[in-house]
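Participant: Structure below; questions to follow.
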Amino acid sequence: MVMGDLVDEVDVAVLGGGPGGYSAAFRCTELGLETVVVDATRRLGGACLFEGCIPSKALLHVAAVLNEAQRAKDFGIDFGEPRISLDPLRKWKQERVVGKLARGLASVARAKGVEVIGGRGVFEDATTLRIEDGDALRKVRFKHAIVATGSRPSGLPGVTLTGERVMDSTAALELPEIPERLLVIGGGYIGLELGTVYATLGSRVTLVEMTDGLLPGVDRDLVQPLQRRVEKLFAAIHLKTKVTALREAGAGIEADLEGQGGQRFDRVLIAVGRRAQSAGLGLEATRVRLTDRSGFIQVDDRCRTEDPHIYAVGDVTGEPMLAHRAMRQGKVAAEALAGRPAAFDNVAIPAVVFTDPEIAWCGVSEAQAKDQGIEAKISKFQWAASGRAATIGRSDGLTKLVADARSGRVIGVGIVGPGAGELIAEAALAIETAALVEDVAATIHAHPTLSETFMEAAESLLG
Ligand code: NAD
């Protein structure tokens, strides 16, 4: 790095230190490129580590432990009523989970020689970033930049009320208290995951979803078992309903639910989607182009933008906004700018909703196969017939397989049940490697495991 007039010269400047950004930076240094990461928080991990995937999964683990203890009554074990101490719980999440992983990432960066620069990066032109950190100003000149600035929670249209009782996912993950009555707006990933956490910890959760079903766009066969479960866990679920106003009412919040008048809650969680963070980056000083409405950065399959110096990865480039997609894109961008023949050409991007039961899917769904005119064969293996599911008292799962009738290839898989998020990895490998249904059926799966349900679903298609 050449210092002088406070301008650093590097091969690659990565803007944003989340999973997309740090994966890109680490791969760049492995390829011999001098690389810096610019992040306002001065640390690596991004929304995933500090306010998303990791803390939410820690809390969902706590919810799973509570649920298992409750279920244990079915086989004669009563642990009694749980006593929940929020301080140790927050400390465990913050220090033993998030803090530990953050320290790990920082030491990987040090070992690889990736400098993390604290500050807000703004493009001055297509090869210069201005980094503002309070009064301090620094510039980085680069041969290539990778934009990995991620996304942030969307607000609720027409609702301006703010304050600590109106939470987005970041605030809710802090676990400020366990409110007696919690309104969750949005029945997607976050509404269901955090609604589950709060309901299991003792809140009376009311969930409002504007479409006619939970997790819009996800196969209904997979959503049904989860819906049955949350119908019991939550105090109320209102589908086809919008919240038209929120206002302060005493120590709580009054919400107007369309067609149902006002209802009182102690806190509200707004989880109605996420938006790209592409504004305020100075992209207008470059040739980078955004998509029309949503502000996503347009990239090709090598993660190149319209500007030859600038690449982009992760949530800021569009759906699906998932950390593992960002990580793969980060590696592709690093290799592409280093002149290697890499492309983001994955056909299976697994998606997991970490509720109880978990839902996971990848590849083509039954509905998508129909829409795309693919002649598909569908197989559904009910976990009621799985020995392993019986031994854990969870026969409510389903493994569903979509195969291309002509080629015999596995093209889509959906799973609902405990552990679905782990089980989907085999399905992603099968789809990515163009496995045939008979390959899956002829592969020996350990008995008794839930993974057998994938083999069974394949076998039943062979006739
Ligand atoms: P989402 O898109 O999953 O769900 C938003 C939900 O809110 C939808 O069901 C939508 O119909 C509903 N909605 C929108 N406007 C509404 C309104 N005015 N009133 C009532 N309902 C409304 O978004 P999210 O749950 O906020 O999560 C954001 C993104 O974060 C996800 O798309 C996902 O990419 C990512 N995420 C992933 C995971 C995971 O991988 N497990 C977990 C959390 C978040």
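The values are calculated or read from the model by the stated rules, or taken from the named source; none is laboratory data. Since the structure is predicted, the reported quantities are computational estimates derived from the model, not experimental observations. Quick reminder, even Gly has a Cβ in these numbers, built from the backbone with ideal geometry, and neighbours come from all protein chains shown. Areas reflect the complete protein model, heavy atoms only, side chains present, ligands, DNA and RNA absent. Shrake-Rupley method; radii C 1.70, N 1.55, O 1.52, S 1.80 Å.
Participant: Taking the Cα centre of segment 100-254 as origin and charging only Cβ (+1 Lys, Arg; -1 Asp, Glu), how large is the dipole, in debye to the nearest 20? Before the final figure, lay out the partial values.
Facilitator: Working: 21 positive and 19 negative charges, 105 e Å.
For segment 100-254, the charge dipole is close to 500 debye.
Participant: Along Cα→Cβ, 7 Å out, is where each label goes; now give me the distance between the ones at residue 289 and residue 100 in nm to one decimal.
Facilitator: 4.7 nm
Participant: Tell me, what HN-Hα J-couplings in whole Hz come from the Karplus equation 6.51 cos²θ - 1.76 cosθ + 1.60 at θ = phi - 60° for each residue of segment 75-84, using x for Gly and Pro?
Facilitator: 10, x, 10, 10, 7, x, 6, x, 10, 9
Participant: Tell me the relative contact order for segment 332-463 as a rounded percent, counting alpha carbon contacts under 8 Å between residues six or more apart. Spell out each step's value before the answer.
Facilitator: Values: 256 pairs, mean separation 33.4, N = 132.
Reported relative contact order: 25 percent.
Participant: Could you work out the helix-only [θ] at 222 nm for the chain, with each DSSP H run of four or more residues adding -39,500 (n - 2.57) and the total divided by the number of residues, to the nearest 500 deg cm²/dmol?
Facilitator: Only helices count here, giving -9000 deg cm²/dmol.
Participant: A further question follows. In what sequence, largest accessible area first, do 174, 132 appear using a 1.4 Å probe?
Facilitator: The ranking, largest first, comes out as 174, 132.
Participant: Which residues' amide hydrogens lie under 5 Å from the amide hydrogen of residue 38, considering only partners 5 or more residues apart or on another chain, with H built in the peptide plane?
Facilitator: 14, 15, 16, 117
Participant: Looking at 36, 86, 107, which one has the Cα that reaches farthest to the positive end of the dipole of segment 1-157 (charges on Cβ: Lys, Arg +1; Asp, Glu -1)?
Facilitator: My answer, from the dipole projection, is 86.
Participant: Between residue 84 and residue 235, take the C-beta separation as r, use R0 = 22 Å, and let me know the FRET efficiency to the nearest 0.05.
Facilitator: Efficiency, rounded to the nearest 0.05: 0.75.
Participant: Of the heavy-atom accessible surface of segment 216-256 (probe 1.4 angstrom), what whole percent is carbon and sulfur? Present the calculation step by step, with values, prior to reporting the outcome.
Facilitator: Details: 1000 of 2160 Å².
On segment 216-256, the fraction of accessible area on carbon and sulfur atoms equals 46 percent.
Participant: Say the dipole of segment 200-346 comes from +1 at the beta carbon of Lys and Arg and -1 at that of Asp and Glu; which of 257, 239, 222 then lies farthest toward its positive end?
Facilitator: 222
Participant: Let a ≥ b ≥ c be the square roots of the eigenvalues of the Cα gyration tensor of segment 390-456; is it rounded (a/c under 1.5), or, if not, prolate (a/b larger than b/c) or oblate?
Facilitator: Here segment 390-456 falls in the prolate category.
Participant: Still on this structure, I have one more. Summing +1 for each Lys or Arg and -1 for each Asp or Glu, what net charge is found among the other residues whose Cβ lies under 13 Å from the Cβ of residue 177? Write down the numbers at each step before the final one.
Facilitator: Values: positive: 90, 165, 181, 267; negative: 87, 164, 174, 180, 266.
The answer is -1.
Participant: Which distance in Å, rounded to a whole number, links the C-alpha centroids of segment 167-225 and segment 290-363?
Facilitator: Between the Cα centres of segment 167-225 and segment 290-363 lies a distance of 26 Å.
Participant: Let me ask something else about it. Note down the accessible area of residue 184, probe 1.4 Å, to the nearest 10 Å².
Facilitator: That residue has around 0 Å² of solvent-accessible surface.
Participant: Give me the Kirkwood hydrodynamic radius of segment 223-366, using the inverse of the mean 1/r over all pairs of distinct Cα atoms, in Å to one decimal. Before the final figure, lay out the partial values.
Facilitator: Details: mean 1/r = 0.0529 Å⁻¹.
Mean inverse Cα-Cα distance, inverted, gives 18.9 Å.
Participant: Ok, one more. Give me the accessible area of residue 394, 1.4 Å probe, in Å² rounded to the nearest 10.
Facilitator: Around 10 Å² of this residue is reachable by solvent.
Participant: Put 327, 321 in order of accessible area, largest first, 1.4 Å probe: what do you get? Write out the running numbers ahead of the final one.
Facilitator: Working: 327 60, 321 40 Å².
From most accessible down to least: 327, 321.
Participant: So what is the relative contact order for the chain, in percent, with contacts set as C-alpha pairs under 8 Å and at least six apart?
Facilitator: Once normalised by length, the contact order is 15 percent.
Participant: Based on Cβ point charges of +1 for Lys and Arg and -1 for Asp and Glu, what charge dipole magnitude is obtained for segment 21-172 about its Cα centre, in debye rounded to the nearest 20? Write down the numbers at each step before the final one.
Facilitator: Values: 23 positive and 18 negative charges, 69 e Å.
About 320 debye.
Participant: By the gyration tensor of its Cα atoms, with a ≥ b ≥ c the square roots of the eigenvalues, what is the shape of the chain: rounded for a/c under 1.5, prolate for a/b over b/c, or oblate?
Facilitator: Oblate is the answer for the chain, as a/c is 1.5 or above yet b/c matches or exceeds a/b.
Participant: With a point put 7 Å past each Cα toward its Cβ, work out how far residue 115 is from residue 306 in nm, to one decimal.
Facilitator: Reported label-point gap for residue 115 and residue 306 is 3.3 nm.
Participant: Roll a 1.4 Å probe over the protein heavy atoms and report the accessible area of residue 151 in Å², nearest 10.
Facilitator: 10 Å²
Participant: Treating the beta-carbon of each Lys and Arg as +1 and of each Asp and Glu as -1, no other charges, what is the dipole magnitude of the chain about its Cα centre, to the nearest 20 debye?
Facilitator: Value, rounded to 20: 500 debye.
Participant: Something else now. Check the straight Cα-Cα distances from residue 400 and name the lysines below 28 Å, setting aside those fewer than 8 residues away within the same chain.
Facilitator: Correct list for residue 400: 57, 232, 240, 370, 377, 380.
Participant: Rounded to the nearest whole Å², what accessible area per residue is found for segment 327-463 with the 1.4 Å probe?
Facilitator: That works out to 45 Å² for each residue.
Participant: Of 55, 22, 10, which is farthest towards the positive pole of segment 1-56's charge dipole, taken about the Cα centre with +1 and -1 on the beta-carbons of Lys, Arg and Asp, Glu respectively?
Facilitator: 55
Participant: Further question: Enumerate the helices in the chain for which the Kyte-Doolittle hydropathy averages 0.0 or more and the C-alpha atoms extend at least 15 Å along the helix's axis, using complete DSSP H runs.
Facilitator: Taking the DSSP H segments of the chain (at least 15 Å long, mean hydropathy at least 0.0), we get 53-71, 100-112, 189-201, 420-432, 452-462.
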